[in-house]
Amino acid sequence: MSTNTECMYCAKDQRLSDLMIEVAELDASILYLFKEQTYKGRCVVAYKKEHKNEIFELSEEEMILFTKDVARVAKAVKTAFSPGKINYGAYGDKMPHIHFHIVPKYENAPKWGSTFDMQPDEKVYLSESEYTEVINKIKENL
Ligand SMILES: [Zn+2]
């Protein structure tokens, strides 16, 4: 097991809690709700066992479990909020720990037909009770 203290997904520190809220522990990952909610239901699925940069560094078994987590979350978000499409973003140049952005996109809404903005200029933050409501809707459908 290797962790990287410079990595917010390993350290689980303020950098992480400023950006997201933990929703659930899945088989190979931790599911977070992204606080910036321009794309309602936007989540992050982060590999949980150790610090790995690339999906090909996982064993085949872990790769399958992680991919199943991504699919499970995407299905839950689709069922909960009925977006037109789920977008999947895996970048991580500056935060390479394996994580996928699960971004529901809605027709006639921001960036439909294009790439979602990692941090949109006009940010949408929710109240605590609204975050709880979104989290509960995702959890009900996991
Ligand atoms: Zn890490």
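Points worth noting:
- Against the conditions (1) assigned to a loop (DSSP other than H, G, I, E, B); (2) open to solvent by 90 Å² or more (accessible area, probe 1.4 Å); (3) under 25 Å from D18 (Cα atoms), E133 satisfies every one except (1).
- Answer residue from the stretch 25-34, given it is in contact (Cβ under 8 Å) with a residue 24 or more places away in the chain and either more than 24 Å from A76 (Cα to Cα) or open to solvent by less than 50 Å² (accessible area, probe 1.4 Å) (or both) and is nearest to the ligand (Cβ to nearest atom) among those: S29
- Qualifying positions in the stretch 65-97 - under 21 Å from M8 (Cα atoms) and in contact with a helix residue (DSSP H, G or I) (Cβ under 6 Å, 6 or more places away or on another chain): H97
- In the stretch 102-130, the residue that is most open to solvent (accessible area, probe 1.4 Å) out of those that are farther than 18 Å from V70 by Cα and β-branched (V, I, T) is T115.
- Restricting the stretch 72-86 to residues that are open to solvent by less than 60 Å² (accessible area, probe 1.4 Å) and without any contact (Cβ under 8 Å) to a residue 40 or more places away in the chain leaves a set whose member that is nearest to the chain's Cα centre (by Cα) is A74.
- The listed residues are E54, E50, E62, and the only one of them that is within 16 Å of the ligand (Cβ to nearest atom) and open to solvent by 70 Å² or more (accessible area, probe 1.4 Å) turns out to be E54.
- Filter result for K68 (more than 16 Å from the ligand (Cβ to nearest atom), in contact (Cβ under 8 Å) with a residue 60 or more places away in the chain and open to solvent by 30 Å² or more (accessible area, probe 1.4 Å)): no
- Selected residue (criterion: surrounded by the most Cβ atoms within 10 Å (Cβ to Cβ)) from residues of the stretch 1-24 that are among the acidic types (D, E) and more than 12 Å from the chain's Cα centre (by Cα): D13
The values are calculated or read from the model by the stated rules, or taken from the named source; none is laboratory data. Since the structure is predicted, the reported quantities are computational estimates derived from the model, not experimental observations. Note that we place each Cβ from the backbone using ideal geometry, even for glycine, and neighbour counts take in every protein chain shown. For the accessible areas, the whole protein counts, side chains as well, though only heavy atoms, and no ligand, DNA or RNA atoms are used. Shrake-Rupley method; radii C 1.70, N 1.55, O 1.52, S 1.80 Å.
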